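S.K.: Following this message is one structure expressed as structure tokens.
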């Protein structure tokens, strides 16, 4: 709260540049979106070019790929 209050003034109308400078608010919003994403839980896409996935495998063009956003957002290896 102190961080947000230090960026806001009762006497002025704040703008986007003010909000951009509020790093703790940005972190809070990003963490909230990670935990409660607004995207569908599963996202389907079709690969448009050959992709090498960290040297583990190659995905060919035309291959349908499904991303499990929930598992990605709650992966302990990524987020601890």
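The values are calculated or read from the model by the stated rules, or taken from the named source; none is laboratory data. Since this is a predicted model, take the numbers as computed values, not measurements. Cβ placement follows ideal geometry from the backbone for every residue including glycine, while neighbour counts extend to all protein chains displayed.
S.K.: Considering only residues that are surrounded by 12 or more Cβ atoms within 10 Å (Cβ to Cβ) and touching a strand residue (DSSP E or B) at 6+ places or on another chain (Cβ under 8 Å), which ones fall in region 21-60?
M.R.: 43, 47, 51, 59
S.K.: Mind checking which residues of region 16-54 are in the same structural domain as residue 79 (by TED's automatic domain parsing) and farther than 22 Å from residue 79 by Cα?
M.R.: Those that are in the same structural domain as residue 79 (by TED's automatic domain parsing) and farther than 22 Å from residue 79 by Cα: 44, 45, 46, 47, 48, 49, 50, 51, 52.
S.K.: May I ask you to verify whether residue 63 is surrounded by 10 or more Cβ atoms within 10 Å (Cβ to Cβ) and at pLDDT 95 or above?
M.R.: Yes, satisfied.
S.K.: Here is a follow-up. Kindly state which strands (runs of 3 or more DSSP E) lie completely within region 5-80 and contain at least 1 residues that are in contact (Cβ under 8 Å) with a residue 24 or more places away in the chain and more than 20 Å from the chain's Cα centre (by Cα).
M.R.: Correct list: empty, since no element meets the threshold.
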